[in-house]
């Protein structure tokens, strides 16, 4: 009778431990999803702001057609991305193209003084700062989730219930380069 009691006790402890680990995995997954949702909100704002910026620049820098077309193309790709990985890649391209646009704008004194351009540039700057903060928060939740999932015995339980590791929102190596503008 004592052996059955010990067995039931150990089994109960194991079940409670599995439930506890499972609940923590769910919590971390939901925190990652919430953080990604925050990034998504800022990306939507960015996507809405970009066409206004492009139209403002078109009037002043008509011969910068390639830069403007790239921004439009990358914005479309970013809006159509189906996974966080695809969105990270396309957003990195869009960020690099926007940096090129601001570098181009430096060569147009009338554009730099245009109130609409200045307002759009400030809004985009503020938005990029908020987006950076959201990316940091998201990457923190991914780090916590992934670290927890890699620990034993959590990795076994995560595998049993098919939990997936998060993907970091990282800067593309090409985005680290300073945009080059030539005339």
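Structural remarks
- Filter pass, residue 53 being over 30 Å from residue 148 (Cα atoms) and more than 20 Å from the chain's Cα centre (by Cα): yes
- The number of residues in the range 1-56 that are under 27 Å from residue 83 (Cα atoms) and in contact with a helix residue (DSSP H, G or I) (Cβ under 7 Å, 6 or more places away or on another chain) comes to 22.
- The residue that is farthest from the chain's Cα centre (by Cα), among those in the range 144-170 that are part of a loop (DSSP other than H, G, I, E, B) and surrounded by 13 or more Cβ atoms within 10 Å (Cβ to Cβ), is 163.
Each value in this text was obtained by applying a stated rule to the coordinates, not by laboratory testing. Just so it is clear, the structure is predicted and the values come from calculations on it, not from any experiment. Every residue, glycine as well, gets a Cβ built from its backbone with ideal geometry; the counts of neighbours run over all protein chains shown.
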